[in-house]
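Read the structure below first, then the notes.
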Amino acid sequence: MSHPLYVAFIWHQHQPLYKSPGSGVSLPSSQQYRLPWVRLHGTKDYLDLVLMLERYPKLHQTVNLVPSLILQLEDYIAGTAFDPYLTASLTPDEQLNQQQQEFIIEHFFDANHHTLIDPHPRYAQLYQQRQEKGPSWCLANWQLSDYGDLLAWHNLAWIDPLFWDDPEIASWLKQGRNFTLSDRQRIYSKQREILSRIIPQHRKMQEAGQLEVTTTPYTHPILPLLADTNSGRVAVPKMTLPKQRFQWAEDIPRHLKKAWDLYKDRFGQIPRGLWPSEQSVSPQILPDIIDQGFKWICSDEAVLGWTLKHFFHRDGAGNVEQPELLYRPYRLQTPAGDLSIVFRDHRLSDLIGFTYSAMPAKQAAADLVGHLQAIAKMQRDSQTQQPWLVTIALDGENCWEFYPQDGKPFLEALYQSLSDEPRLKLVTVSEFLEEFPATATIPGGQLHSGSWVDGSFTTWIGDPAKNRAWDYLTEARVMLASHSEATEQNNPEAWEALYAAEGSDWFWWFGAGHSSNQDAIFDRLFREHLFGIYKALNEPAPPYLKQPVEIHQAQGNHSPQGFIHPVIDGRGDEQDWDKAGRLEIGGARGTMHNSSVIQRLWYGVDHLNFYLRVDFKSGAAPGRDLPAELNLLWFYPEKTMVNSPVPLANVPNAAPLNYLFHHLLEINLLTQSIQFQEAGDNYQWHPRASRAQVALNSCLELAVPWADLQVPPDYPLRLILVLADEGRFFNYLPENALIPIEVP
């Protein structure tokens with residue numbers, strides 16, 4: 001009898017510690033909580049996910065709840081947590097001072113406007129006023145009722161659509177405007193009511209057997225880096241490390257025990273699974289995980305690939321080759337005992353996290369089920385007696401902000417399809433391991449030291465700002481160690497501040513790679529936690545803690561920071577492109593210099609398309625200020641194929657213009673029409689069909705499906721843009737370079 005394909009979904013629910021330990025940095029103290037995301041994601045993302053699952057009892061899943069999230073939820077439920085957004089929301093309209101009004105105008109649109117703002121006419125009206133007329137106009141012209149409505153809508157929009165049939169919530173949505181302080185107080189009460197149901201619902205479903213709840217080290221630290229910051233050099237041998245080596249492996253069992261004890265208290269049983277923060281693992285951390293009693297951990301396919309010295313290639317449909325290596329649990333063998341480990345399918349996880357939100361819900365669900373059915377067929381064709389386990393593990397909160405109705409239509413379509421498919425069986429990880437214990441083994445010392453991000457730790461160490469933060473943390477840790485009398489029993493404040501500062505999130509936002517409009521707040525919180533250590537020890541804090549770890553300023557040129565899926569309408573929506581790569585053109589050296597009509601390029605990808613945006617100088621018009629023809633030419637490095645030269649007259653014989661290219665997309669900027677061509681023999685070009693989208697308004701936006709380019713996943717491409725006039729070369733960009741593109 002053949003096995004069904006077993007599928008383990010693991011949803012990771014995490015928020016860093018926004019709770020400020022108190023003032024001590026030179027900036028004036030604000031609220032107890034610096035940011036509102038525990039409260040807002042709590043009303044939008046944690047309860048609805050499991051309530052929807054409960055409707056499909058055949059489907060079992062795993063949810064990871066980070067201890068620092070649970071503790072903060074409990075503060076909000078108790079009514080003891082106040083963040084600046086909540087304080088403003090509960091302030092009478094007439095008592096809002098100018099500073100608060102400026103804060104509201106700047107921050108109360110902190111949401112994806114396509115999904116959380118635009119569906120609500122009054123909220124969308126206020127958003128358009130700020131976007132089109134500017135914050136200064138709003139400050140000068142808005143009435144108290146405008147502020148009152150914005151305060152209400154910012155809180156209402158973050159309440160999940162699953163709860164919109166609640167009579168009170170339905171009445172507020174219908175009311176739309178003229179919200180009073182009393183309305184906002186009742187909305188806050190409704191938020192706390194939703195938050196109070198999260199942990200009991202998870203406990204109830206775990207006791208019923210449909211859910212497995214797992215945990216994470218206490219404040220979400222990168223355990224391998226706590227053990228030794230030199231582990232950063234395992235994947236990147238020439239990494240620049242902090243000046244001081246951080247080696248405090250003794251903190252690892254502390255984080256694990258605190259997570260274990262909190263879990264036992266909240267869920268009435270011991271945890272079986274551990275989600276290592278950022279799926280970061282190394283041989284050094286395994287004994288402590290085993291000693292604490294955990295039975296299994298999870299990591300990413302990149303870590304497995306490094307461990308086995310195997311790269312997981314995918315076919316043209318995106319399905320992994322040699323699936324039997326990925327779709328099985330492994331047993332890590334150590335002198336301390338054995339530990340099971342599962343590795344997630346990175347691409348399937350990313351499709352949910354970053355791409356399906358841009359597709360119609362039923363089409364997206366069908367695509368995921370189709371991938372799983374294809375894997376199930378591979379399993380049957382392999383005639384293996386060993387059942388396969390496909391692990392899909394990802395962030396369970398942030399992605400839904402980009403889905404219509406917070407992902408409700410997608411999840412309902414997905415869960416219904418999975419319930420109807422007899423060859424697919426959803427299980428918790430522990431269920432699978434109990435029935436089919438891991439048979440494949442990996443010596444613990446062979447396990448690669450890395451994370452879900454490229455199998456390395458570069459997201460958290462190696463950058464000058466990240467390294468500076470590690471040096472600050474090392475100084476504080478040494479100071480705490482010098483106070484042998486300061487135990488967790490008689491000085492818990494010092495230890496809690498240390499645990500908070502060891503969390504991964506601060507290092508994520510420092511330096512290159514990730515940025516948000518709240519970088520400075522994360523910087524401040526990190527330093528406040530460090531300051532808390534010195535304060536609890538009655539030691540003077542180093543002066544450098546009064547200064548930001550780095551200067552937070554707008555970035556110039558940078559590579560893509562994540563997947564994007566912009567609406568192609570030629571308007572250059574700032575939220576759509578905030579994670580895109582960026583190349584400044586105007587002001588660059590050489591032929592384009594300051595007079596360039598093209599100011600900058602934005603580029604990015606998701607699993608469906610390559611995206612390009614071209615920003616023009618204000619008022620510039622094709623056919624007048626710049627040529628009417630824009631050619632995109634794709635260069636395929638290290639791939640043998642038929643290629644042809646740029647099919648224009650007067651092309652300079654210089655790199656990269658004299659390269660041979662395989663695909664060409666010509667855009668007529670006057671008509672917004674396109675012609676797609678593929679290179680043929682004898683340096684010819686042949687027309688091909690294309691589903692590329694193009695729009696020109698305030699900027700040019702373009703989406704080119706990967707299906708047009710016919711390249712497999714995990715493949716590098718290079719792109720050049722060439723301007724032409726009636727078939728004659730005019731100019732090209734970026735200067736002396738190609739745009740690097742990585743097919744996901």
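Just give me the residues in the stretch 687-698 being surrounded by fewer than 20 Cβ atoms within 10 Å (Cβ to Cβ) and closer than 13 Å to PRO566 by Cα, in sequence order.
Those that are surrounded by fewer than 20 Cβ atoms within 10 Å (Cβ to Cβ) and closer than 13 Å to PRO566 by Cα: GLN693, ALA695.
Of everything in the stretch 675-713, what is closer than 30 Å to SER618 by Cβ and of a type in the set (Asp, Glu)? Give them in sequence order.
The first filter runs over the stretch 675-713 and keeps only residues closer than 30 Å to SER618 by Cβ, leaving 675, 692-704.
Within the stretch 675-713, just GLU701 meets the criteria.
Does the stretch 293-319 hold any residues that are at pLDDT 95 or above and over 19 Å from GLY445 (Cα atoms), and which are they?
Passing the criteria: only GLY293.
When the residues of the stretch 296-333 are filtered to those that are β-branched (Val, Ile, Thr) and touching a residue at least 60 places away in the same chain (Cβ under 8 Å), which remaining residue is surrounded by the fewest Cβ atoms within 10 Å (Cβ to Cβ)?
THR307
Going by what's in this entry, would ARG122 be described as touching a Lys or Arg at 6+ places or on another chain (Cβ under 8 Å), charged (D, E, K, R) and either in a helix (DSSP H, G or I) or at pLDDT 95 or above (or both)?
Yes: the conditions hold for ARG122.
Give the residues of the stretch 39-61 that are assigned to a helix (DSSP H, G or I) and out of contact with any Asp or Glu (no Cβ under 8 Å at 6 or more places or on another chain), sorted by residue number. Let's see the steps before the verdict.
First, the residues of the stretch 39-61 that are assigned to a helix (DSSP H, G or I): 39-54.
Within the stretch 39-61, LEU40, GLY42, LEU49, VAL50, LEU51, LEU53, GLU54 qualify.
Looking only at the stretch 596-637, count how many residues are farther than 30 Å from LEU368 by Cα and free of Cβ contacts under 8 Å to residues at least 40 places away in the same chain.
So the answer is 11.
Restricting attention to the stretch 601-642, report how many residues are within 23 Å of PRO712 (Cα to Cα) and surrounded by fewer than 18 Cβ atoms within 10 Å (Cβ to Cβ).
Number satisfying all stated conditions: 6.
Among the numbered criteria (1) of a type in the set (Lys, Arg); (2) at pLDDT below 85; (3) crowded, with 17+ Cβ neighbours inside 10 Å, which one does ARG589 miss?
(3)
Let's see how each residue does on (1) without any contact (Cβ under 8 Å) to a residue 60 or more places away in the chain; (2) within 30 Å of VAL66 (Cα to Cα); (3) buried (at least 21 other Cβ atoms within 10 Å of the Cβ); (4) of a type in the set (Val, Ile, Thr):
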position	(1), (2), (3), (4)
PHE354	no, yes, yes, no
ALA361	yes, yes, no, no
ALA365	yes, yes, yes, no
GLY370	yes, no, no, no
ALA374	yes, no, no, no
GLN379	no, no, yes, no
THR384	no, no, no, yes
LEU389	no, yes, yes, no
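Conditions first: (1) surrounded by fewer than 16 Cβ atoms within 10 Å (Cβ to Cβ); (2) under 28 Å from LEU308 (Cβ atoms). THR459 passes all but one, so which condition is the exception?
(1)
Test ARG718 against the criterion of being under 26 Å from ARG571 (Cα atoms) and assigned by TED's automatic domain parsing to the domain that holds ARG624, and give yes or no. Step through it out loud before you land on a result.
Values: under 26 Å from ARG571 (Cα atoms): yes; assigned by TED's automatic domain parsing to the domain that holds ARG624: yes.
Yes, satisfied.
Under 7 Å between Cβ atoms, which residue pairs at least 6 apart in sequence (or on different chains) link something in the stretch 193-207 that is small (Gly, Ala, Ser) with a partner that is surrounded by fewer than 17 Cβ atoms within 10 Å (Cβ to Cβ) and outside any helix (DSSP H, G or I)?
Here the result reads none, with nothing in the stretch 193-207 linked to a residue that is surrounded by fewer than 17 Cβ atoms within 10 Å (Cβ to Cβ) and outside any helix (DSSP H, G or I).
Examine the stretch 391-403 for a residue that is surrounded by fewer than 18 Cβ atoms within 10 Å (Cβ to Cβ) and at pLDDT below 95, and state whether such a residue exists.
Checked against the condition, which is being surrounded by fewer than 18 Cβ atoms within 10 Å (Cβ to Cβ) and at pLDDT below 95, the stretch 391-403 yields at least one hit.
Looking only at the stretch 222-242, decide whether some residue is buried (at least 23 other Cβ atoms within 10 Å of the Cβ), part of a loop (DSSP other than H, G, I, E, B) and touching a Phe, Trp or Tyr at 6+ places or on another chain (Cβ under 9 Å).
Yes, some residue in the stretch 222-242 is buried (at least 23 other Cβ atoms within 10 Å of the Cβ), part of a loop (DSSP other than H, G, I, E, B) and touching a Phe, Trp or Tyr at 6+ places or on another chain (Cβ under 9 Å).
Give the stretch 688-744 a look and list any residue that's part of a strand (DSSP E or B), in contact with a helix residue (DSSP H, G or I) (Cβ under 8 Å, 6 or more places away or on another chain) and of a type in the set (D, E, K, R), or say none.
Residues of the stretch 688-744 that are part of a strand (DSSP E or B), as a first pass: 688, 693-696, 699-705, 716-725, 728-733, 739-742.
Of the ones still in play, those that are also in contact with a helix residue (DSSP H, G or I) (Cβ under 8 Å, 6 or more places away or on another chain) are 688, 717.
If the condition is that a residue be part of a strand (DSSP E or B), in contact with a helix residue (DSSP H, G or I) (Cβ under 8 Å, 6 or more places away or on another chain) and of a type in the set (D, E, K, R), then ARG688 is the only one that fits.
Within the stretch 504-526, can one find any residue that is crowded, with 18+ Cβ neighbours inside 10 Å, under 29 Å from the mean Cα position of the chain (by Cα), assigned to a loop (DSSP other than H, G, I, E, B) and at pLDDT 95 or above?
Yes, the stretch 504-526 contains at least one residue that is crowded, with 18+ Cβ neighbours inside 10 Å, under 29 Å from the mean Cα position of the chain (by Cα), assigned to a loop (DSSP other than H, G, I, E, B) and at pLDDT 95 or above.
Taking only the stretch 73-115 into account, find how many residues are of a type in the set (Val, Ile, Thr), assigned to a helix (DSSP H, G or I) and without any contact (Cβ under 8 Å) to a residue 60 or more places away in the chain.
Counting residues in the stretch 73-115 that are of a type in the set (Val, Ile, Thr), assigned to a helix (DSSP H, G or I) and without any contact (Cβ under 8 Å) to a residue 60 or more places away in the chain gives 3.
Is the stretch 85-99 home to any residue that is over 26 Å from THR180 (Cα atoms) and under 26 Å from the mean Cα position of the chain (by Cα)?
Within the stretch 85-99, none of the residues are over 26 Å from THR180 (Cα atoms) and under 26 Å from the mean Cα position of the chain (by Cα).
Please return the ranges of strands (runs of 3 or more DSSP E) entirely within the stretch 295-368 where 2 or more residues are closer than 23 Å to TYR715 by Cβ.
337-344
The values are calculated or read from the model by the stated rules, or taken from the named source; none is laboratory data. These numbers were taken from a predicted model, which means no experiment stands behind them. All Cβ positions, glycine included, derive from the backbone under ideal geometry; neighbour counts span all protein chains shown.
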